[in-house]
Amino acid sequence: MFWYWGKYGFGSFTKNDSDSSALSFENEKVRIAFSPMPKFSDDKVFEDTEKYFFLTDGVIFNIAEMCKSHSASGLKELIPLMYEQQGEQFFNEFRGSFSGVFYDKKSDILLIYNDHIGDRMIFFAQADESFYFSTDLKQLVQTLPDSFERKIDDVFVLSMLSYGYSPNCQTLIKSINRVAAGCYLRISGGKMEEIRYHRFANNPNQNDEKTNIERLDALFRQAVGRILDKNKQYGYRNVMPLSAGLDSRMTVWVARQLTDEPIENVTYSQSGYYDETTPKEIAKTLGDKMHFKPLDGGDYLKNVDRAVQLTSGLVNYSGAAQVIDSFDDLSDKDTIGVVATGMLGDIIVGTGYTQNDINQPFKFGDGALSKKLLPLLQQKADNRLLENFPNREIYYLYVRGFNCANLGSPLVFQEFTESFSPFYDTDLLEFAYTIPLSQRFGNEIYDRWILTKYPEAARWKHNGERTIGKKMRMVPVMGKSIPLKDLPARMAMFVLKKTHIHNYDKLESGRSMNPIDSWLAGNQSLREYIDNYFKANIDRCDKIGMKETISDFYDTGTSFEKLQVISLLAGIRYLNL
């Protein structure tokens, strides 16, 4: 954690009384405190030299490679060299999950940077001609002067109730934003600007499929190897989630080929679902240890406040609560290394397109979990909610990936360690998006990669339903494509819900790792907890003039829409707004 407060130019610096161990730097213009997690110490620097001050947080996988190419002995020597050779965007060469600060004393330029995928939280604001930033949103809110208006952002509220997160980098409070993926803040001459140093693009190459598979495999093995090497460097345990899908499976499968060290797999779901049975079979085949946490009944959904605390109220809390519940059972967290996940593999090696058209556009509301308040959101946002992404795939990468998925499990893992997905590796991601859409669409090259390089991994169906290498017949239903074989069950479930018949536990729980409808219908204690949380906190919405809208949304909403409301109220409660 790092933070800055006080006047840019003059002012007083006060350490956080609750963290007397924090490292600090200050001069007449800049004041910074840093309280790093006591892990991966060689990846974290806090250095004050005659010319510069700089710090790094997180994990950087290619330190040795960069030191070799720049003839440096370590990160403390490397960073000033790279700044002097490459300029203020030197961190574009870093690979991993990282953030940092660099201050050029002579030029009086302060840089605060996020990584390429935006999975480090850095919040910033301006007040009284001062600039503030922090990795902790609540701390920033408490630190800002009384003159700063702590007003709830109604666009963020409507985004939470529609998407379950904000499509851009807004927070609950107007004028407090988050540094976006591939961006950094530049503070100089009394001005602060956010600058983009990296943007992923999908420009197709001219390679044949075989050539692309070979390159894809080499880069994926490099990405997995970087994670394993980091854990080996520090002597930490390899812990990896494993589901019934392909993404975590490929991470674990390749890792098992690259290391003789034991791997501990973690899975969680409704008992008997594919996310229990398939990972257990895979782990047994690989000789891995398996931790399974049943989610039966959904009581983990009562862990509202802790999930919102870790995610700063930026995303629907249910996913984070699930990870918290499952990983809390693991012992000796101090020895867990970088948690290697499979995040976003489906839209990186696969694709976010629904049509075989690289120019397929995105539209307002794509990916929204609820459509009810989209018209009001569009009216309030005044077309300023989304960036002008070039196509649907890049939209999904940044919006559904970096601004949603990254705000869940990665933030939970950062409480006690670091995490990373090999699919996030910048070298791999950039190459994957050069593979022609004609080779990627419908998971074509994903399946071919597995069947060519790791045929044994194809023994288990994807999510228990799709045989690797065979396409499922899809049918359009209400604007969505669903498997033809699922149509009868979906129709039956729809009728049962519309007629308010709630005895569909078996129908739904057998088809989902987290059947929230079934849990809320059958678990009276959970249902009462959620309703009571709503009643205890809905009055907090009086001041934003949306209490009636939010109450109606909750009262008439689906189970997941109710959780969207709870996430919003918990965020307002957490920040004490």
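The values are calculated or read from the model by the stated rules, or taken from the named source; none is laboratory data. Please read all numbers here as calculations on a predicted model, not as lab measurements. Don't worry about glycine lacking a Cβ; one is built from the backbone with ideal geometry, like all the others, and counts go over all protein chains shown.
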Report summary line: Condition set buried (at least 16 other Cβ atoms within 10 Å of the Cβ) and either in the same structural domain as GLY298 (by TED's automatic domain parsing) or at pLDDT below 95 (or both), scope segment 527-548, selection farthest from LEU137 (Cα to Cα): answer is MET546
**Report entry** Complete set of residues in segment 26-41 that are in a loop (DSSP other than H, G, I, E, B) and hydrophobic (A, V, I, L, M, F, W, C)
**Finding:** VAL30, MET37, PHE40
Query raised in the report: Under 7 Å by Cβ, and 6 or more places apart or on different chains, what pairs join a residue from segment 18-42 that is of a type in the set (Lys, Arg) with one that is part of a loop (DSSP other than H, G, I, E, B) and modelled with pLDDT of 90 or more?
Result: LYS29/ASP108; LYS39/THR417
**Report entry** Criterion (aromatic (Phe, Trp, Tyr), touching a Gly at 6+ places or on another chain (Cβ under 8 Å) and modelled with pLDDT of 95 or more) met by exactly one of TYR197, TYR184
**Finding:** TYR197
Query raised in the report: In segment 212-222, is there at least one residue being at pLDDT 95 or above, of a type outside the set (A, V, I, L, M, F, W, C) and closer than 21 Å to ILE358 by Cβ?
Result: yes
Report summary line: Exception for THR251 within (1) more than 25 Å from the chain's Cα centre (by Cα); (2) farther than 27 Å from TRP519 by Cβ falls at (1)
Requested in this report: Residues being under 19 Å from the mean Cα position of the chain (by Cα) and in a helix (DSSP H, G or I): count how many of those fall in segment 221-248.
Outcome: 6
Query raised in the report: Can you pull out the residues in segment 273-317 that are more than 18 Å from GLY408 (Cα to Cα), in a helix (DSSP H, G or I) and aromatic (Phe, Trp, Tyr)?
Result: TYR274
**Report entry** Check on LEU428, surrounded by 20 or more Cβ atoms within 10 Å (Cβ to Cβ), over 30 Å from ASN265 (Cα atoms) and not assigned by TED's automatic domain parsing to the domain that holds THR549
**Finding:** no
Query raised in the report: In segment 318-364, what count of residues is obtained for those that are more than 21 Å from the chain's Cα centre (by Cα), in contact (Cβ under 8 Å) with a residue 60 or more places away in the chain and not in a helix (DSSP H, G or I)?
Result: 6
Report task. Looking only at segment 306-317, count how many residues are within 13 Å of the chain's Cα centre (by Cα) and under 21 Å from SER269 (Cα atoms). Result -> 3
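Any residue at all in segment 251-264 that's within 28 Å of ARG466 (Cβ to Cβ), in a loop (DSSP other than H, G, I, E, B) and out of contact with any helix residue (DSSP H, G or I) (no Cβ under 6 Å at 6 or more places or on another chain)? Let's see the steps before the verdict.
Taking segment 251-264 and keeping what is within 28 Å of ARG466 (Cβ to Cβ), we get 251-258, 263-264.
Keeping just the survivors that are in a loop (DSSP other than H, G, I, E, B) gives none.
No, segment 251-264 contains no residue that is within 28 Å of ARG466 (Cβ to Cβ), in a loop (DSSP other than H, G, I, E, B) and out of contact with any helix residue (DSSP H, G or I) (no Cβ under 6 Å at 6 or more places or on another chain).
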Query raised in the report: Applying the selection to segment 57-78, what residues are in a helix (DSSP H, G or I), touching a helix residue (DSSP H, G or I) at 6+ places or on another chain (Cβ under 7 Å) and within 25 Å of SER35 (Cβ to Cβ)?
Result: ILE63, LEU75, LEU78
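Here's the yes/no breakdown for (1) closer than 18 Å to VAL179 by Cα; (2) touching a residue at least 60 places away in the same chain (Cβ under 8 Å); (3) surrounded by fewer than 21 Cβ atoms within 10 Å (Cβ to Cβ):
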site	(1), (2), (3)
TYR113	yes, yes, no
HIS116	yes, yes, no
TYR132	yes, yes, no
GLN139	yes, yes, yes
SER147	no, no, yes
PHE156	yes, no, no
Requested in this report: Taking SER107 as the residue in question, decide whether it is assigned to a loop (DSSP other than H, G, I, E, B), hydroxyl-bearing (Ser, Thr, Tyr) and surrounded by fewer than 23 Cβ atoms within 10 Å (Cβ to Cβ).
Outcome: yes
Query raised in the report: Across segment 141-171, what is the total count of residues that are under 20 Å from VAL412 (Cβ atoms) and in a helix (DSSP H, G or I)?
Result: 1
Report summary line: Within segment 394-421, the count of residues that are part of a helix (DSSP H, G or I) and touching a Ser or Thr at 6+ places or on another chain (Cβ under 6 Å) comes to 4
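For the condition touching a helix residue (DSSP H, G or I) at 6+ places or on another chain (Cβ under 7 Å) and of a type in the set (Gly, Ala, Ser), what is the one hit in SER175, SER130, SER147, SER162?
Checking each option against the conditions leaves just SER162.
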